[in-house]
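A short worksheet on the structure shown next.
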Amino acid sequence: MASPTHFLVVVVLLLLGVATTAFSLSPNFYDKVYPQALPAIRKVVEADGSLFTSVVMVHSFWIPHLLSKPRKNARGNLNSVRGFEVVDQIKAEVDRVCGRPVVSCADILAVAARDSVVALGGPTWKVRLGRRDSTRARLDLANTELPSPSLDLPGLLNNFRKQGLNRRDLVALSGAHTLGVSRCSIFRNRIYNATNIDPAFAKQRRATCPRTGGNTNLAPFDSTPAHFDTTYFQDLVNQRGLLTSDQALFNGGSTDELVKTYSSNPDAFWVDFGKAMIRMGNIKPMTGTQGQIRANCRKVNY
Ligand code: HEM
Ligand SMILES: *[C@@H]1O[C@H](CO)[C@@H](O)[C@H](O)[C@H]1NC(C)=O
């Protein structure tokens, strides 16, 4: 029998269902009204064509700090100024072709990261869209602790789990370190003290990263930092991971098998990387009428 209470429950459930559907992210979010938006992002990424821009976009999607104040911690400073400039440039172009600010900075970053991976020879995937920007200086993901580069595997798994990401996500997403560089101050301890490191590799890295000084000297994560390939995983198998957190993925633990698989099977890595980027992009997005569409990605609209 349908009592008024039952009826109410059903209505509320229906409304919730509608709300969830209406406000979840979708690959086609801008297609009907602003079909020019996504090609504009790709155009800037491709026209810029610099390795630097592409790498920074991939890094920035993971670290939404870029949209807030650059922090004075060890991580935040690397390339964040140049990162801001690129985002500003993409934002200006997207706003221009759409006639007004309709695409969120969060969506711009998600698409730019994907287009950058493609530009560097990696896989593609359908980016889910419809995110809105925070009305606070810091975005939500930024409030959860970023993993320290000195974490071991249980620490990394725990950090990712807290964000709803699993073991496979951790290994696949860490594969983003197929691109880019790190500073001496961050990997020094490993190259001088670790035992799970190829001695020849340690020696090579010490040549440009002295025991004292040279803190900002850079070294690539893998031997092909400009290519989105599986060299990162091959390096891990050979104990040539740069950060403690990199080598932790191949150190006798539960992720060894997956690292081995990716090292010899680019297709497996491609597929899992795309899936994991989508899963990372789905973490607590603001949608619907939440938040705002920023006019300037560096600051909140007032
Ligand atoms: C698993 C945990 C992770 C840790 C501990 C970590 C740590 C780091 C550190 C310490 C740096 C070097 C920054 C510097 O020297 O200032 C870095 C760079 C980078 N990270 Fe990660 N990262 C992780 C996961 C990720 C993920 C999930 C992505 C993207 C999907 C990513 C993409 C990058 C990129 C592209 C760079 C190079 C930036 C550049 O060369 O400008 N990382 N990461
Ligand atoms: C090596 O480890 C020792 C003991 O933890 C530490 O005091 C030292 O600073 C480390 N060396 C480097 C170069 O990081």
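The values are calculated or read from the model by the stated rules, or taken from the named source; none is laboratory data. Every value quoted in this text rests on a predicted model; they were computed, and no experiment measured them. Backbone-built Cβ (ideal geometry, glycine too); neighbour counts: all protein chains shown. Accessible surface areas use protein heavy atoms only, side chains included; no ligands, DNA or RNA. Shrake-Rupley method; radii C 1.70, N 1.55, O 1.52, S 1.80 Å.
Per this entry, Cys105 is not counted among residues that are under 15 Å from Asp31 (Cα atoms) and open to solvent by less than 30 Å² (accessible area, probe 1.4 Å).
Scanning the stretch 173-202 for residues that are part of a helix (DSSP H, G or I), more than 9 Å from ligand 1 (Cβ to nearest atom) and of a type outside the set (Val, Ile, Thr) yields a total of 9. One residue stands out among those in the stretch 192-211 that are open to solvent by less than 60 Å² (accessible area, probe 1.4 Å) and closer than 22 Å to Val55 by Cβ: the one that is farthest from ligand 2 (Cβ to nearest atom), which is Phe201. Residues in the stretch 224-233 that are away from ligand 1 (no atom under 12 Å from the Cβ) and open to solvent by less than 80 Å² (accessible area, probe 1.4 Å): 5 in all.
For the stretch 96-168, give me every one of the helices (runs of 4 or more DSSP H) that falls completely inside it and has 2 or more residues that are at pLDDT below 90. Where helices (runs of 4 or more DSSP H) fall fully within the stretch 96-168 and carry at least 2 residues being at pLDDT below 90, they are 140-143.
Check Gly281, Gly291 and return the single one that is in contact (Cβ under 8 Å) with a residue 24 or more places away in the chain, under 19 Å from the mean Cα position of the chain (by Cα), surrounded by 19 or more Cβ atoms within 10 Å (Cβ to Cβ) and not assigned by TED's automatic domain parsing to the domain that holds Val117. Walk me through how you get there before you give the answer.
On the way: Gly291 fails: under 19 Å from the mean Cα position of the chain (by Cα).
Unique residue meeting the criteria: Gly281.
Does Phe273 fit the bill of being in a helix (DSSP H, G or I), open to solvent by less than 10 Å² (accessible area, probe 1.4 Å) and not small (Gly, Ala, Ser)? Yes: the conditions hold for Phe273.
Confirm whether Leu236 is free of Cβ contacts under 8 Å to residues at least 60 places away in the same chain, buried (at least 19 other Cβ atoms within 10 Å of the Cβ) and not assigned by TED's automatic domain parsing to the domain that holds His59. Against the criterion (free of Cβ contacts under 8 Å to residues at least 60 places away in the same chain, buried (at least 19 other Cβ atoms within 10 Å of the Cβ) and not assigned by TED's automatic domain parsing to the domain that holds His59), Leu236 qualifies. Only one of the numbered conditions (1) modelled with pLDDT of 85 or more; (2) in a loop (DSSP other than H, G, I, E, B) is violated by Met57, and that is (2). Can you say whether Gly214 is surrounded by fewer than 19 Cβ atoms within 10 Å (Cβ to Cβ), modelled with pLDDT of 95 or more, more than 9 Å from ligand 1 (Cβ to nearest atom) and closer than 23 Å to Gly155 by Cβ, as far as the supplied structure shows? No.
The single condition among (1) out of contact with any Leu (no Cβ under 7 Å at 6 or more places or on another chain); (2) more than 30 Å from Ala37 (Cβ to Cβ) that Trp125 does not meet is (2).
Is at least one residue of the stretch 135-146 more than 27 Å from Ala119 (Cα to Cα), in contact (Cβ under 8 Å) with a residue 60 or more places away in the chain, out of contact with any Ser or Thr (no Cβ under 8 Å at 6 or more places or on another chain) and more than 15 Å from ligand 1 (Cβ to nearest atom)? Checked against the condition, which is being more than 27 Å from Ala119 (Cα to Cα), in contact (Cβ under 8 Å) with a residue 60 or more places away in the chain, out of contact with any Ser or Thr (no Cβ under 8 Å at 6 or more places or on another chain) and more than 15 Å from ligand 1 (Cβ to nearest atom), the stretch 135-146 yields at least one hit.
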